[in-house]
Every structure is written in C-alpha cells, then in structure tokens.
1. Which is touching a residue at least 40 places away in the same chain (Cβ under 8 Å), surrounded by 15 or more Cβ atoms within 10 Å (Cβ to Cβ), on the phi < 0 side of the Ramachandran plot and not hydrophobic (A, V, I, L, M, F, W, C), of S67, S13, S59, S63?
2. Go through the stretch 32-56 and count every residue that is in a loop (DSSP other than H, G, I, E, B), touching a residue at least 24 places away in the same chain (Cβ under 8 Å) and under 18 Å from A16 (Cβ atoms).
3. Out of the residues in the stretch 1-26 that are part of a loop (DSSP other than H, G, I, E, B) and within 21 Å of L75 (Cα to Cα), which is modelled with the highest pLDDT?
4. Just a yes or no: is a residue in the stretch 29-47 surrounded by 12 or more Cβ atoms within 10 Å (Cβ to Cβ), on the phi > 0 side of the Ramachandran plot and at pLDDT below 95?
5. Could you tell me how many of the residues in the stretch 57-76 are within 21 Å of G103 (Cα to Cα) and in a strand (DSSP E or B)?
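The values are calculated or read from the model by the stated rules, or taken from the named source; none is laboratory data. As the structure is a computational prediction, the values presented were derived from the model and not from experiment. Every residue, glycine among them, receives a Cβ derived from its backbone with ideal geometry; neighbour counts consider all protein chains shown.
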Amino acid sequence: MVAEVFFYLSKVSVSATGTAPLTYQWYKNGSAISGANTASYSIASSKFADSGEYWVVVSNNVSSLKSASFNVSVLAAPSIVTQPVSQAASLGDSVTLSAEVNGSAPLWPCVSVCD
C-alpha cells in the first residue's frame, strides 16, 4: 500500500493505492479525529485550537500505513490596536507616526500605502 498526503489551505487529502476496501482515520496530536475517516479532512473555520501535529492511517484487510506527520499552525491576521494620531508640523520638522499592531509573527513594516 502507498500513501501520499497533500495539504491546501484548510483541507488535507491523501492519495493511497492498495487492495480495496481502503479505510482512513485522521489523527491530531495522537488522538483520532471523530468523523475524519475519508481520504480528505477539512477544517471549515480554523481556530488556534486547530494547530497541532496531524497524520492519517490508511488501512485495508492486509495492513495499515501511517503517513508522515505534519504540523498545522493557525496564524492570526494582523489587526491595528492603536491607530496613528494626526500631527501638525512645521516645514522641515521630523514627524514620527506609530501604530500598535497585533497578529502572528512575522509582521513586516509597511512604508507608504499597504494593501
């Protein structure tokens, strides 16, 4: 039996070959995921609690095969906690604008306009 795992956004799938019928069981951090018993596993709306180590076991009447494990990290999108404050300056003065931002690292500074 051969198994290969593919991950895309919040869906992971396995491609397995072997004598039918093949059965699947997905695991997270060492525990079987209830109801996760098809060739693909999806997380509908990921949360920080979905971060962890995952793998799948594919079985048939002859044997079982555990895939390589892989880590999933759910990251937080950046959000502005403190907005920049308007300032008045005379021609030639230096002006410093700042904002407080939360989110998952790495957060990159943006110069000029960021989309």
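1. Going through S67, S13, S59, S63 in turn, just one is touching a residue at least 40 places away in the same chain (Cβ under 8 Å), surrounded by 15 or more Cβ atoms within 10 Å (Cβ to Cβ), on the phi < 0 side of the Ramachandran plot and not hydrophobic (A, V, I, L, M, F, W, C): S67.
2. Counting residues in the stretch 32-56 that are in a loop (DSSP other than H, G, I, E, B), touching a residue at least 24 places away in the same chain (Cβ under 8 Å) and under 18 Å from A16 (Cβ atoms) gives 1.
3. By that ranking, first place goes to S10.
4. Scanning the stretch 29-47 turns up no residue that is surrounded by 12 or more Cβ atoms within 10 Å (Cβ to Cβ), on the phi > 0 side of the Ramachandran plot and at pLDDT below 95.
5. The number of residues fulfilling the criteria is 2.
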